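Undergrad: The structure follows.
The values are calculated or read from the model by the stated rules, or taken from the named source; none is laboratory data. Keep in mind that what you see is a predicted model, and the values were worked out from it rather than measured. Here the Cβ is made from the backbone with ideal geometry for all residues, glycine too, and neighbour counts use every protein chain on show. Please note that ligands, DNA and RNA were not included when accessible areas were found on the heavy atoms of the full protein model with its side chains. Shrake-Rupley method; radii C 1.70, N 1.55, O 1.52, S 1.80 Å.
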Amino acid sequence: MALANGRSYLAIPGPSVIPDQVLQAMHRASPNIYEGELHEITASLVDDLKLIARTKANVAMYIGNGHAAWEASLANVLSRGDRVLVLATGSFCKGWGEVARGLGAEVQTIDFGDDAPVDLARVAEALAADTDHRIKAVLAVHVDTATSIKNDIAGIRAALDAAEHPALLMADCVASFACDEFQMDKWGVDVMVTACQKGLMTPAAMAYVFFNEKADAARGDCVTGYWDWRPRVDPDVYYQYWYGTAPTHQVYGQRIALNMIRDEGLKAVWDRHASLAQAIWAAFDVWSTEGPLRLNVADPAHRSHAVTSCVIGAPDGDRLREWCEHRAGLTLGIGLGRTPPDAYFRIGHMGHVNAHMIMGVLGTIEAGLRALGIPHGKGALDAAAAVIAQDA
Ligand SMILES: *Cc1c(COP(=O)(O)O)cnc(C)c1O
């Protein structure tokens, strides 16, 4: 018997759960794109996005997903032949590097593996070795969604400053935005990219690229009309915000999602994600006392609060995911970018998630482990409930 009917839960690291209020705001006739409220709403998104990024810098909006944000960010600062330093802690920063290569950049990669954060000493070495300052930009992912490693972005800035290296610091916050604390200005980030379908709780279609004056001044020869961020941050006409037709319904949805973040308070949003992540980690601490299950990232300081990568051994990653989806209505994330992929699964806990949803995820995983005969320590749900009881 399957027990999957009822409201399903997509617990993958993006797209995330879309709040009903957001969906309802999008369920409407197409608005006039030449005048009226769509213009005011679009302008209002800019202010709220900057508040969440903790920045006074600019934000350019694009119709696109995270990959579009990657290309937009690089196209504005690179010239063909420039070198970028990719700090890889999973497949996402490597993917950003591939976009740079596609634009004609020379890509230097330091691969820190799939279960450890960026090692700042090795970054310092690479910067010191670059005596003629060939590296134009350092690319780092705040939270790598494949491995759930969270990197110390402020530490990378400190390494750049200590080396007196002029490279731009570029951060990918697609997975962490509005989930994990991030401070663009305080941490000295020159360019930051994110998108609307994860912590921002809106169906995919809008990409956001934040940049400061230093990044704008770096402008190279890769920039083309569509990706140029300048008209998008200082639009003479509404049309320039989006360089064409606005993503009308997403704009309405994003407005409501941002209202929800504003009403809860950004600090409270960060704290909620932290607490729910700790409940997940507490369950894994117990499960991992027996059998194969464990968290991918050992050090809690380097674990994301928005996505958790779990090691289970092949082929149980796929078996567990299939059981949870088809028997219980819970969709978990695949072992993206890992070898073999079915030795891993991921839990997305970004955006519109609360305590009962996380207890539901953990309880469903526990039922799946039992049903499939996968050994695991007993008492994981108690441990998670204790965290929630204490924090809520
Ligand atoms: C999801 C994600 C991306 C890519 O976003 P798409 O919308 O799938 O193109 C890039 N970087 C990180 C860290 C992500 O989590």
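Undergrad: What helices (runs of 4 or more DSSP H) lie completely within the range 287-392 and have 1 or more residues being within 27 Å of Ala195 (Cβ to Cβ)?
TA: Details: elements: 316-328, 355-371, 380-391.
So the answer is 316-328, 355-371.
Undergrad: Among the residues of the range 58-67, is there at least one that is more than 16 Å from the ligand (Cβ to nearest atom) and open to solvent by less than 40 Å² (accessible area, probe 1.4 Å)?
TA: Yes: one or more hits.
Undergrad: So is Val17 in contact with a Cys (Cβ under 8 Å, 6 or more places away or on another chain) and within 16 Å of the ligand (Cβ to nearest atom) or not?
TA: The answer is no for Val17.
Undergrad: Moving on to the next point. Name the single residue, out of those in the range 273-313 being polar (S, T, N, Q) and farther than 21 Å from Cys179 by Cα, that is nearest to the ligand (Cβ to nearest atom).
TA: The residue in question is Ser288.
Undergrad: Restricting to the range 337-356, name every residue that is open to solvent by less than 30 Å² (accessible area, probe 1.4 Å) and either on the phi > 0 side of the Ramachandran plot or among the aliphatic types (A, V, I, L, M) (or both).
TA: Scanning the range 337-356 gives Ala343, Ile347, Met350, Gly351, Val353.
Undergrad: Go through the range 3-20 residue by residue and tally those that are in contact (Cβ under 8 Å) with a residue 12 or more places away in the chain and either open to solvent by less than 60 Å² (accessible area, probe 1.4 Å) or within 22 Å of the chain's Cα centre (by Cα) (or both).
TA: The number of residues fulfilling the criteria is 12.
Undergrad: While we're looking at this one, here's another question. Residues in the range 357-389 that are over 16 Å from Pro292 (Cα atoms), of a type outside the set (Gly, Ala, Ser) and either outside the structural domain of Leu320 (by TED's automatic domain parsing) or surrounded by 17 or more Cβ atoms within 10 Å (Cβ to Cβ) (or both): how many?
TA: 8
Undergrad: Also: Got a sec? Which of Ser30, Ser79, Ser73, Ser44 is assigned by TED's automatic domain parsing to the domain that holds Val141, open to solvent by 20 Å² or more (accessible area, probe 1.4 Å) and within 22 Å of Lys198 (Cα to Cα)?
TA: Selected residue: Ser44, the only one of Ser30, Ser79, Ser73, Ser44 that is assigned by TED's automatic domain parsing to the domain that holds Val141, open to solvent by 20 Å² or more (accessible area, probe 1.4 Å) and within 22 Å of Lys198 (Cα to Cα).
Undergrad: Can you name the residue in the range 119-144 that is outside any strand (DSSP E or B) and of a type in the set (Val, Ile, Thr) and, of all such residues, is most open to solvent (accessible area, probe 1.4 Å)? Please lay out each step first, then the result.
TA: So the first thing to find is which residues in the range 119-144 are outside any strand (DSSP E or B), and the list is 119-134, 142.
After this cut, where a residue has to be of a type in the set (Val, Ile, Thr) as well, the list is 123, 131.
Working: Val123: 1, Thr131: 115 Å².
Per the stated criteria, the residue is Thr131.
Undergrad: Does Ile110 fit the bill of being away from the ligand (no atom under 16 Å from the Cβ), open to solvent by less than 30 Å² (accessible area, probe 1.4 Å) and assigned by TED's automatic domain parsing to the domain that holds Ala257?
TA: Judged against the criteria, Ile110 is a match.
Undergrad: Please count how many residues of the range 200-215 are surrounded by 24 or more Cβ atoms within 10 Å (Cβ to Cβ) and either near the ligand (Cβ under 9 Å from one of its atoms) or more than 11 Å from Pro15 (Cβ to Cβ) (or both).
TA: Count: 7.
Undergrad: Taking into account only those residues within the range 226-242 that are at pLDDT 95 or above and not in a helix (DSSP H, G or I), which is least open to solvent (accessible area, probe 1.4 Å)?
TA: Trp229
Undergrad: Criterion first (in the same structural domain as Val77 (by TED's automatic domain parsing), within 28 Å of Ala25 (Cα to Cα), in contact (Cβ under 8 Å) with a residue 12 or more places away in the chain and not in a helix (DSSP H, G or I)) does Thr245 satisfy it?
TA: Spelling it out, Thr245 is indeed in the same structural domain as Val77 (by TED's automatic domain parsing), within 28 Å of Ala25 (Cα to Cα), in contact (Cβ under 8 Å) with a residue 12 or more places away in the chain and not in a helix (DSSP H, G or I).
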